[in-house]
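Asks: Got a structure for you, questions after.
The values are calculated or read from the model by the stated rules, or taken from the named source; none is laboratory data. Keep in mind that this is a model prediction, so the values were computed, not measured. Reconstructed Cβ throughout: ideal geometry from the backbone, glycine too, with neighbour counts over all protein chains shown. With ligands, DNA and RNA removed, areas are computed over all heavy atoms of the protein, side chains included. Shrake-Rupley method; radii C 1.70, N 1.55, O 1.52, S 1.80 Å.
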Amino acid sequence: MTNNILKAQILFGINNIYTVRADNKLYQCRIKGKVFKQSDGLYNPLTAGDIVDIEPDSLSSEHGTIISLYERKNVFTRWNRKRLSLQIIAANIDILFVISTPDEPPFRPRFIDRMLLSEEVNYEKIIIMNKSDIPSTPDIEERIADYNRIGIKVIKSSAVTLEGIEEIKKLMEGKYSVFAGQSGVGKSTLINLITGNNLQKTGEISYKYCRGRHVTNYSILIPYKDTGGIIDTPGIREIFIEKVAPEKLGYMFTEFKEFIKQCEFIGCSHIEESGCGVKKAVESNLIHDDRYRSYYKLYKEMTELSDEVYGYPYS
């Protein structure tokens, strides 16, 4: 007798064993064979937020087999330099919250720039400046003002004063959100405040299926208010983005686009050429110098350091 096929959502996966939710019930599943051609060459075939079909095990009410993957509406990724492959951190999201702090750990705007860069345009990108009770500096405030100027929303939040918490909650209602940033920026504390400290169930899932491993060693989807969810991600020390054609990189910096039109040469690298609209905008303070330095370093990684970062030479 053939089991019923259930549509499920992946909460997290470790060592190719995935915990999924279907009809408000949890299953521990493995993948059936090599059924995901779209995952060839990826570091991980599935991730938190993926929608799949599963076939429950006829001999166990807690186990099943993943038999197919639904098309993703988007992905949040990073380049895994160690494994030289693209790693999918989360799928099918509505908002990416990039979390930083004025200090403890230090504010790293170029790290934030990389987190925000993506060719995906169908999810919102918001910066949360957490620990806003810690004094900021004029340089940090300048960069925050520039993010707002170019259309990237910045929310200041604090677990001490509760600044920003209600605003974040309102933005998240009915949506799937990713919380990402360096270790120590306070992702877990924010999630506890937003969910009302209702992480016990998630902890129980982790201990039951993962033998006590900490929940932020991997991306994990935490259901939120029945109609959405929070994808908590591991703390990231450094981030490399998926390689794109170098001439496309400038278009991924939102404020560069209007000035690229003013470049005298088609395919301008915005590095050495004369008559470059982007460099003129930097000189005129229409593009922040630190944003340009983010671009410059990425361009060098994709060209001069391509073999070292991506495993194959620039061509």
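Asks: So how compact is the stretch 51-187: Cα radius of gyration and Dmax in angstrom?
Replies: My reading of the Cα-based Rg and Dmax gives 18.1, 63 Å.
Asks: So, one more: Note the per residue figure in Å³ for the convex hull of the C-alpha positions in the stretch 246-315.
Replies: Output value, Cα hull per residue: 80 Å³.
Asks: Okay, next question. Taking 0.36 nm per intervening residue step and subtracting the Cα-Cα distance, what contour gain separates ALA145 from ARG30 on full extension?
Replies: Once the chain is fully extended between ALA145 and ARG30, it gains 36.7 nm.
Asks: Something else: According to a simple spin-label model (label point 7 Å from Cα along Cα-to-Cβ), what is the distance in nm between VAL244 and GLU304?
Replies: 2.2 nm
Asks: Angle, helix 138-149 long axis vs. longest principal axis of the chain, Cα atoms, 0 to 90°, nearest 10?
Replies: With rounding to tens, the tilt is 80 degrees.
Asks: Taking all protein chains together and a probe of 1.4 Å, list TYR218, TYR176 from the most accessible to the least accessible. Could the numbers behind the result be given before it?
Replies: Numbers: TYR218 20, TYR176 45 Å².
Order by accessible area, largest first: TYR176, TYR218.
Asks: Could you tell me the calculated FRET efficiency between ILE271 and ALA159, based on Cβ-Cβ distance and R0 = 45 angstrom, to the nearest 0.05?
Replies: Given R0 = 45 Å and the Cβ-Cβ separation, E is 0.60.
Asks: Here's something else I'd like to know. What is the sum of charges, Lys and Arg at +1 and Asp and Glu at -1, for the other residues whose Cβ falls under 13 Å from the Cβ of VAL160?
Replies: Here the charged neighbours net out to -1.
Asks: Still on this structure, I have one more. May I ask for the net charge around ALA180, where only other residues with Cβ less than 12 Å from the Cβ of ALA180 are counted and Lys, Arg are +1 while Asp, Glu are -1?
Replies: +3
Asks: May I pose another question? Taking amide H positions as placed in the peptide plane 1.01 Å from N, state which residues far from HIS63 in sequence (5 or more) or on other chains have amide H under 5 Å from it.
Replies: GLN28, ASP57
Asks: Please give the calculated 222 nm ellipticity per residue for the chain, where each DSSP H segment of at least 4 residues contributes -39500 (n - 2.57) and the sum is spread over every residue; nearest 500 deg cm²/dmol?
Replies: Value at 222 nm, helices only, nearest 500: -7000 deg cm²/dmol.
Asks: When you count, for each residue, the other Cβ atoms within 10 Å and take the mean per peptide, how do 118-124, 177-183, 144-150 rank with the highest first?
Replies: Ranking the peptides 118-124, 177-183, 144-150 by packing returns 177-183, 144-150, 118-124.
Asks: Separation between the SER136 and ARG108 pseudo-spin-labels, each 7 Å from Cα along Cα→Cβ, expressed in nm?
Replies: Inter-label distance under the simple model: 2.0 nm.
Asks: Between rounded, prolate and oblate, where does the chain land on the alpha carbon gyration tensor, with a ≥ b ≥ c its root eigenvalues, rounded for a/c under 1.5, else prolate if a/b exceeds b/c?
Replies: oblate
Asks: So if we plug the beta-carbon distance of ILE5 and VAL121 into 1/(1 + (r/R0)^6) with R0 = 41 Å, what FRET efficiency do we get, rounded to 0.05?
Replies: Once rounded, the FRET efficiency stands at 0.80.
Asks: Let me ask another. Sequence-distant or interchain residues sharing an amide H contact under 5 Å with ASN44, placed H: which?
Replies: ILE88
Asks: Let me ask something additional. Would you mind getting the accessible area per residue of the chain, heavy atoms of the protein chains only, 1.4 Å probe, in Å²? Each step should come with its number before you reach the end.
Replies: Numbers: 16020 Å² over 315 residues.
Computed with neighbouring chains in place, this is 51 Å² per residue.
Asks: Something else: Below 13 angstrom from the Cβ of VAL52, what's the summed charge of the other residues (Lys, Arg +1; Asp, Glu -1)?
Replies: +1
Asks: Next question, about the same structure. What does the accessible area of ARG293 come to, in Å² to the nearest 10, when a probe of 1.4 Å is used?
Replies: The accessible area comes out at roughly 100 Å².
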